[in-house]
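Report on the structure given below.
The values are calculated or read from the model by the stated rules, or taken from the named source; none is laboratory data. Small disclaimer: the values here were computed from a predicted structure and weren't measured. Cβ atoms come from the backbone with ideal geometry, glycine included; neighbour counts cover every protein chain shown. Side chains are part of the model used for accessible areas, which takes the heavy atoms of the whole protein and leaves out ligands, DNA and RNA. Shrake-Rupley method; radii C 1.70, N 1.55, O 1.52, S 1.80 Å.
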Amino acid sequence: ESTGLQVVTLLSPYLRRLQLLPPPLSLTIKEEEKVEMAGPSGKKEKVDKAGPSGGKKKKDVKKETGLGLSVKKDENFGEWYSEVCKHEMIEYYDISGCYILRPWSMAIWEIMQTFFDAEIKKMKVKNCYFPLFVSPGVLEKEKDHIEGFAPEVAWVTKSGKSDLEVPIAIRPTSETVMYPYYSKWIRGHRDLPLKLNQWCNVVRWEFSNPTPFIRSREFLWQEGHTAFATKEEADKEVLEILELYRRIYEEYLAVPVVKGMKSENEKFAGGLYTTSVEAFIPNTGRGVQGATSHCLGQNFAKMFEINFENEKGETEMVWQNSWAYSTRTIGVMIMTHGDDKGLILPPKVASVQVVVIPVPYKDANTQGIFDACTATVAALSEAGIRAEEDLRDNYSPGWKYSNWEMKGVPLRIEIGPRDLENNQVRTVRRDNGVKEDIPRGSLVEHVKELLEKIQANMYEVAKQKREACVEEIKTWDEFIVALNKKKLILAPWCDEEEVERDVKARTKGETGAAKTLCSPFEQPELPEGTLCFASGKPAKKWTYWGRSY
């Protein structure tokens, strides 16, 4: 047919088992070369066929120098997010659900890593590295834990062409990898506390709407695993780590988060309790679990026999914590700040905070302008500002503006003949587009001030958008209305697991079910006699509800 070709193959089920094809979709290759796939919004959306598979490009592909996004953030969030990510942040890999992190995104991860690593070392946490592989016997030792991760565990079953006698799991997380050795290393109270962290990758072989940074089969993270003599020490560390995660989001990524406690249904499998920082994406009306800090209690200590002799010569079990944040942080940042021009990077995590672009007119002193750009970058770099000049002569200034705007560089400096004559530069902010002419004599001080203002403004704008989405409700009918309006719902709850499961069942639909996000530590007043919005039983706390990634 002239309008399309229906693709059907008997090999599809076999190829899917080999993970060479995604789950079945209504696949029709049209003239515009687009297919349906699940996007970040949770709905099926039209995306370029060249996306995850890296296949053919659209027939109406733009010219080599073409720039700009083809969709608006408010009109098609899923495709918008995919386009923004593909602009030097990630590259799609030939295994679905896996992504290449390009230098532009890897630099953001390294900046966060530098901050967090220094902070946990102040807490006497030491870095280590454990193997990627897990034996089945060890993995299955903690029943609740493995049941929570079982659907996501990837297994190595072959070596060359030979079947392995015993399959080997690839870590989805490292509790069961590390704790047999904690049992070996901890003997007495002088061996405590034991505080270890590792920067590594983990694999969770799922396929529910793979989304760059947000949900992938392999991702980078840090995971801390600590053991203490007392619960008080463990409780204290849980909150100290959670505060560091808040700082990563709010102080570095300029993303507002809520600190709170996860419900029993949503807590870490096998743990005592889980705390988290929760973000919210207004465009999709979805919450995002930003990072977690778990108190594992003594459950794993019991399973792995992690005991110590106390000062009285008595045998006790240790109290344990685990805590982690991942490259998901980058996805949350993109979703929160990006606009119809592309990325907007907070200055604290931008690998290039300032780009300097020459604007030579016809018959202008081009070399003088170029020299001024180089000198400007040198002055900024010497002051500790991450700056680069773009002296490429095969692109126009306008093209460069668009290119660096799409990459999200916080501040652009333009230098043209008039600026050279007046010994000034022009600054253009990425967050709000405000332009300003400043004398070169006070350049460094002014740029530092501007970057601080940009960082603060990005956080305030994001916070205002998030707060505009919060809706406090009291009844089930109000809950459903707010959910359909993509709100972050704050509701009185009886704190019963069965009630949460019932809410999930009653709200299950094409865009996913609603669930608890967290019960905030900063609780609003709960008047006496307040009833649970879902069960009508006496409410015990205020809890955030919504759909989530």
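Taking all protein chains as present, what is the carbon and sulfur share of the accessible area of segment 253-302, in % to the nearest whole number, probe 1.4 Å? Whole-percent figure for carbon plus sulfur exposure: 44.
About the Cα centre of segment 115-186, what is the dipole size in debye to 20, counting +1 per Lys and Arg Cβ and -1 per Asp and Glu Cβ, all else neutral? Please list the in-between numbers first.
Numbers: 10 positive and 10 negative charges, 88 e Å.
So the dipole magnitude of segment 115-186 works out to roughly 420 debye.
Put simply, the Cα atoms of segment 106-257 extend 49, 44, 26 Å along their principal axes, the longest span coming first.
Kindly flag which residue pairs out of Lys72/Lys486; Lys72/Lys407; Lys407/Lys485 have an alpha-carbon separation exceeding 22 Å in this structure.
Beyond 22 Å: Lys407/Lys485.
What does the net charge come to around Ala291 if you take all other residues with beta carbon closer than 9 Å to its beta carbon, with K and R at +1 and D and E at -1? Around Ala291, the surrounding residues sum to +2.
The GluC sites (Glu not before Pro) of segment 220-259 include none that meets both criteria, a DSSP state outside H, G, I, E and B (loop) and at most 13 other C-beta atoms within 10 angstrom of the site's C-beta.
Across segment 275-395, Cα pairs under 8 Å and at least six residues apart give a relative contact order of 17 percent.
Using a cutoff of 8 angstrom between alpha carbon atoms and counting only pairs six or more residues apart, the relative contact order for segment 383-483 works out to 17 percent.
So for the chain, Kirkwood radius off the Cα pairs, Stokes-Einstein at 10 °C and 1.306 mPa s: how many µm² s⁻¹?
61
Taking the three principal axes of the alpha carbon atoms in segment 332-431, the coordinate ranges are 45, 29, 21 Å, sorted in descending order.
Below 9 angstrom from the Cβ of Val203, what's the summed charge of the other residues (Lys, Arg +1; Asp, Glu -1)?
Charge balance in the 9 Å sphere: +1.
To the nearest whole percent, what portion of all C-alpha pairs in segment 413-549 is separated by more than 23 angstrom? Considering segment 413-549, 53 percent of its Cα-Cα pairs are separated by more than 23 Å. Per-residue ellipticity at 222 nm computed for the chain from its helices equals -9500 deg cm²/dmol, with DSSP H segments shorter than 4 residues left out and the rest contributing -39,500 (n - 2.57). Stretched out straight at 0.36 nm per residue, the stretch from Gln113 to Lys537 would grow longer than its current Cα-Cα span by 148.2 nm.
Compared with the alpha-carbon gap, the fully stretched path from Glu472 to Glu445 is longer by 5.3 nm at 0.36 nm per residue. In the structure shown, the pairs Lys231/Lys463; Lys141/Lys541; Lys122/Lys348; Lys348/Lys487; Lys267/Lys348; Lys124/Lys236 are assessed against 23 Å; a Cα-Cα span above that value is assigned to Lys231/Lys463; Lys141/Lys541; Lys348/Lys487; Lys267/Lys348. Judged by the mean number of other Cβ atoms found within 10 Å, the most tightly packed of the peptides 259-269, 483-493, 189-199 leads the ranking 483-493, 259-269, 189-199.
With a Förster radius of 22 Å, plug the Cβ-Cβ distance of Glu152 and Phe130 into 1/(1 + (r/R0)^6) and report the FRET value to the nearest 0.05.
After rounding, the FRET efficiency stands at 0.75.
Extent along the principal axes, Cα only, for segment 469-549: 37, 26, 22 Å, with the longest axis given first. Treating r as the C-beta distance of Asp371 and Val434 and R0 as 22 Å, the FRET efficiency rounds to 0.20.
Scanning the chain for cysteines with no neighbouring cysteine C-beta under 4.7 angstrom from their C-beta gives Cys85, Cys98, Cys128, Cys200, Cys295, Cys373, Cys469, Cys518.
By a 1.4 Å probe calculation restricted to protein chains, Asp340 has an accessible surface near 70 Å², given to the nearest 10.
Relative contact order of the chain: 12 percent, from C-alpha pairs under 8 Å at least 6 residues apart in sequence.
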